[in-house]
Amino acid sequence: MLTGKTAVVTGGTRGIGFAIAKKFLENGANVAIAGSRQESVDKALAKLPEYAGRVMGIWPDICSPEEVAAAFASVKEKFGSLDILANNAGISSRTSLYDYTIEEFSKIMDLNVKAVFVCTQAAARIMKAQGGGVIVNTSSMVGEYGQPSGCGYPASKYAVNGLTRSLARELAKDNIRVNAVAPGVTRTDMVAALPQELVDRISAGIPLGRVGEPLDIANAYLYLSSDLASYVTGVTLRVDGAAMT
Ligand code: NAD
């Protein structure tokens, strides 16, 4: 579904991002896995030996326009284009308002919002010049319902939805589609570390009766990144088993 396309996946070293990178590779794309450190990027690349030649690693500070522009230019130089940007890197928090420091609030906003802006701007400049592209952002179900602690995290995902809808409208004229995927509780390292009893209790509250798997989210990314979604832009696609909170 993505043969001949080149994608950058931020936060692609593990969890949902790694599943997206693998799904894109399985579907023929060239992929640049973006991580925060060379060490974690190398570890991820080592898990994908069958795709050597179609996968590379980059580790810019994704809040730095200069570092991101240089990294994305290196991707275009290696593979010839940059067609898909998966803005997936993100951190969460459950700190109560009374304990929230300004540093923690800024850290969440920097990675979850500012980095999406910086990476989207750099990618869109390349995509516009080459005639189009696709951007998919990782939102969250808490970007629709909020959550009862860690207010910075849902606030950041509401901002991601706002960027998604606004940039879909702004960039349509450049043939760039912008969408988001809003996962529910998904079995990444964080969820895998929870006691099974707690996972069972969470699952019981989800109409489809289970937490999501990274593959469930990656499949939505594949759809939105492919030509199957050629008339879909400005959408936040919930992939949460109809969970309501
Ligand atoms: P994870 O912690 O397993 O992975 C996060 C990724 O972000 C990692 O690859 C990490 O290297 C990267 N990252 C963290 N800090 C970074 C930094 N400073 N610079 C660059 N990259 C950095 O988390 P995940 O669950 O796979 O989350 C991926 C995305 O999905 C996030 O945006 C998260 O908010 C969202 N999400 C996750 C869930 C869930 O239940 N797992 C639910 C809803 C939304």
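The values are calculated or read from the model by the stated rules, or taken from the named source; none is laboratory data. It should be emphasised that the depicted structure is a prediction, and the values quoted were computed from it without experimental measurement. Every residue, glycine as well, gets a Cβ built from its backbone with ideal geometry; the counts of neighbours run over all protein chains shown. Each accessible area value is taken on the protein alone, full model and side chains, heavy atoms only, with ligands, DNA and RNA left out. Shrake-Rupley method; radii C 1.70, N 1.55, O 1.52, S 1.80 Å.
A few points about this structure:
- Added length on full extension, which subtracts the Cα-Cα distance from 0.36 nm per residue, R14 to N175: 54.9 nm
- Taking the chain as a Gaussian network of alpha-carbon nodes connected by springs under 10 Å, the highest mean-square fluctuation of the residues V191, V211, V181 belongs to V191.
- The fraction of Cα-Cα pairs per 5 angstrom bin, counted from 0 for the chain, comes to 1, 7, 14, 19, 21, 17, 12, 6, 3, 1, 0 percent, rounded to whole percents.
- Per residue, the chain reaches -13500 deg cm²/dmol at 222 nm when only DSSP H runs of four or more residues are counted, each adding -39500 (n - 2.57).
- The calculated FRET efficiency for the pair N27 and E197, based on their C-beta separation and a Förster distance of 30 Å, comes to about 0.25.
- Heavy-atom accessible surface of the chain: percent carbon and sulfur, 1.4 Å: 56 percent
- For A172, neighbours were defined as the other residues whose beta-carbon sits under 13 Å from its Cβ, and their charges (Lys and Arg +1, Asp and Glu -1) total +3.
- Listed by chain and number, the lysines placed with their C-alpha closer than 21 angstrom to that of K76 are K5, K22, K23, K128; residues fewer than eight positions away on the same chain are left out.
- One decimal place: the segment R125-S149 gains 4.9 nm when fully extended, by the rule 0.36 nm per residue minus the C-alpha distance.
- Taking every full run of DSSP H in the chain, the ones that stretch at least 15 Å from end to end by Cα along their long axis and average -1.0 or higher on the Kyte-Doolittle scale are 15-26, 65-79, 115-130, 152-171, 214-225.
- With one equal scatterer per alpha carbon and no solvent term, the Debye-computed log10 I(q)/I(0) for region 1-100 at 0.12, 0.17 1/Å reads -0.38, -0.69.
- Within-15-Å neighbourhood charge of E66 [Cβ basis; K, R +1; D, E -1]: 0
- Gain on full extension, evaluated as 0.36 nm per residue between M190 and A46 minus their Cα-Cα distance, stands at 49.6 nm.
- Accessible area expressed per residue, region 6-237, with surrounding protein chains retained (probe 1.4 Å, Å²): 47 Å²
- Count Lys and Arg as plus one, Asp and Glu as minus one, and take only other residues whose Cβ is under 14 Å from that of A89; the net charge is then +2.
- The 1.4 Å probe gives accessible areas that order C119, C63, largest first, as C63, C119.
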